[in-house]
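**Q** There's a structure below that I have some questions on.
The values are calculated or read from the model by the stated rules, or taken from the named source; none is laboratory data. Remember, it's a predicted structure, so these values are computed and weren't measured experimentally. Methodologically, a virtual Cβ is constructed for each residue, glycine included, from the backbone with ideal geometry; neighbour enumeration extends over all protein chains shown. Note: areas computed on protein heavy atoms with side chains; ligands, DNA, RNA excluded. Shrake-Rupley method; radii C 1.70, N 1.55, O 1.52, S 1.80 Å.
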Amino acid sequence: MTQSTPPEISRRTFLWTGAAMGLGLAAGCAGPTGSPAPGSMVLALNRSLVSLDNKLNQFEAAVTVQRGVRQALTRIGPKLTPEPVLAESFRLTAPTEWTVRLRAGARYSDGSPVTPKDVATALEMYQKVNGSFIASFFPEWPRVEQDDERTFRLRSDKPLPVLDYLMANILITPSSANQPAELQSGVGSGPYTVVRSDRGAGVYTLRANTAYWGPKPRLSTVHVRFIQEESSRVVALRSGEIDVIDTISPDSAEQLRNLPDVELTSAVGTRINQLFFNFRKPPGHPLADARVRRALTFAVDGKRLAEDVLQGIAIPADGVVSGILSGAVKTGQYAYDPAMATRLLAEAGVKPADLNLKIIWETGEFPSDSLLMEGVQQMLEQIGVRCSLQQFEPGGDISKWRQGRAGDWDILGNGFSVPTGLAYSALQGMFGGTPEKEKTRDTYQGYVQPQVVELLGRAAEEVDAQARADVVAKAQQAVWDSWPCLWAFVPRTMLAHRRRVRGLALEPTNSYDLAALRLDG
């Protein structure tokens, strides 16, 4: 088959098109002025940190700050395995029972001890909050049965063999202060306390917790800022007003690469970024047909997008989850063949000119997002498919659009982080939707596939690790065969920091240990 060659699409073309269409990033908030005070560090996030809790928050870089204040029983470490934090031990003592012993001396910043009741209340609050991100990873919520002041059991009706992974995402707060909502301030057991918070501006000030039960943090004060526009964050870093900036694009990395006072660090992450189809289309709509979804994937030259737009910070996906996750398998590759796209559409009874696709995304979902979307638009139009783009600013109402409550769309530029480090969790969170969940719009873009749900149910209860891995592999192939995405890639997360900041080790979860940082000079 002869493969057509599209006109050259370069970053310059993207940049020019973006300017012409008015799709550039909106002006961001101004950064702080002046250099950080002695003993203090300033970090700037590209998306506003709306809380110091994670019941709803899906922003990975926020984890760094949130865990500086609140902690969980375990954490997912650099090797993507559970490590103890508030739990001294966390043991599977029966197929439906885990026995947990709290760490001696684990206390909140007000001096009160962490208790089993706090864990029970936290689980209750995570269940009650509407639209919980973390809830999607739990096939069943465990019950807390207290043995003594430090020991309790987590019981379930069915086996939860990866509960030690899942509990790494349940941040513990004193039971009397917890609520079924994201908490803006309050007492935590972490190395820092909150002394100032402004959710609207995304500004927080953290101070070292003098009563911290663990190793004392070396930074006295951490200032958190929200600076939406990347160019402003880069300028603030270069001038010394900011110490750390996250999620930078290849262009910004190039500007910073050879500066003597700046260091770049990157890591392949647990996140997968997708151009996800809307699975809420009614029967008879072209996108409700898997043949049409598959046909459209051949119109996108993912290799060129990865190389020319994302410039080395993206790995084209060969599966439905990030390949570094435990249990991930390769299921296939996205191939570029526009002639095949046209032929398969014809076989499905669809004329390209009859399609008018609306692509939506939120600014900052991934680096160079506007340029990438413009490139995808051009590629689809080369086979005769019309497209329109709609970009949402952070903090807007795109969540309502995702749920189908605000307007219709066809393709969503989206990212899904996997804080557990498990392929199974990624599958459960994205592809474990049921008709019951869809009634409350708690599915992932309307994705409901009974075959996938059945496989995930089997995997959730399988105690034998190898048998569970086999079922998880089958589930991944079943997802791939349903063609949920136009294209997908695994990002290589990159951040930049001034060299005076020492001890920063970026982990695959796109976070780092705030308490491990220290300053030179």
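**Q** Tell me the mean residue ellipticity at 222 nm calculated for the chain from its helices only (DSSP H runs of n ≥ 4, each -39500 (n - 2.57), averaged over every residue, nearest 500).
**A** -7500 deg cm²/dmol, from helical runs alone.
**Q** What is the dipole size for the chain, taken about its Cα centre, with +1 at each Lys and Arg Cβ and -1 at each Asp and Glu Cβ, in debye to the nearest 20?
**A** That gives a dipole near 620 debye.
**Q** Nothing charged except the Cβ atoms of Lys and Arg (+1) and of Asp and Glu (-1): what's the magnitude of the dipole of the range 189-266 about its Cα centre? Round to the nearest 20 debye.
**A** Dipole magnitude for the range 189-266 comes out near 520 debye.
**Q** Taking every Cα atom in the range 116-249, find the radius of gyration and the maximum pairwise distance Dmax, and write them in Å.
**A** Rg, Dmax (Cα atoms, Å): 18.6, 57.
**Q** Under a 1.4 Å probe, what is the accessible area of the range 80-167 per residue, stated in Å²?
**A** So the range 80-167 comes to 43 Å² accessible per residue, rounded to a whole number.
**Q** Quote the relative contact order of the range 382-471 in percent (integer), defining contacts as alpha-carbon pairs under 8 Å separated by 6+ residues.
**A** 19 percent
**Q** What does the highest-first list of 414-421, 176-183 look like by mean Cβ count within 10 Å?
**A** So the peptides 414-421, 176-183, ranked by packing, come out 414-421, 176-183.
**Q** Label points 7 Å out from Cα along the Cβ direction at Leu264 and Thr93: separation in nm?
**A** With each label placed 7 Å out from Cα toward Cβ, I get 5.1 nm.
**Q** Can you pick out the pairs among Lys128/Lys400; Lys303/Lys330; Lys55/Lys281; Lys128/Lys437; Lys79/Lys117; Lys158/Lys439 whose Cα atoms lie more than 22 Å from each other?
**A** Checking Cα-Cα distances, Lys55/Lys281; Lys79/Lys117; Lys158/Lys439 exceed 22 Å.
**Q** Say R0 is 60 Å: what FRET efficiency, to the nearest 0.05, do Lys281 and Arg155 get from their beta-carbon distance?
**A** Efficiency, from the Cβ-Cβ distance: 0.90.
**Q** While we're here: Just want the answer: with Cβ charges of +1 for Lys and Arg and -1 for Asp and Glu, which residue in Ala459, Val320, Ser51 is farthest toward the dipole's positive end in the chain?
**A** Of the candidates, Ser51 comes out farthest on the positive side.
**Q** With charges only on Cβ, +1 for K and R and -1 for D and E, what is the dipole size of the range 427-487 about its Cα centre, in debye, rounded to 20?
**A** Computed charge dipole of the range 427-487: roughly 180 debye.
**Q** Have a look at the range 208-279 and give its Rg and Dmax from the Cα atoms, expressed in angstrom.
**A** 16.8, 50
**Q** Now for a separate question. In the chain, what percent of the accessible surface is made up of carbon and sulfur (1.4 Å probe, ligands and nucleic acids excluded)?
**A** 49 percent
**Q** Calculate, for the range 172-322, the solvent-accessible area per residue in square angstrom, rolling a 1.4 angstrom probe over the heavy atoms of the protein chains.
**A** Averaged over the residues of the range 172-322, the accessible area is 38 Å².
**Q** Let me ask another. Peptides 194-206, 118-130, 483-495: what's the order by average Cβ count within 10 Å, highest mean first?
**A** Top to bottom by mean Cβ count within 10 Å: 483-495, 118-130, 194-206.
**Q** If the chain between Asp408 and Ala465 were fully stretched, how many nm would it gain, using 0.36 nm times the residue separation less the Cα-Cα distance?
**A** Extra length from Asp408 to Ala465 when fully extended: 16.4 nm.
**Q** Still on this model: Please report the antiparallel percentage of the DSSP beta bridges confined to the chain, to the nearest 5.
**A** 75 percent
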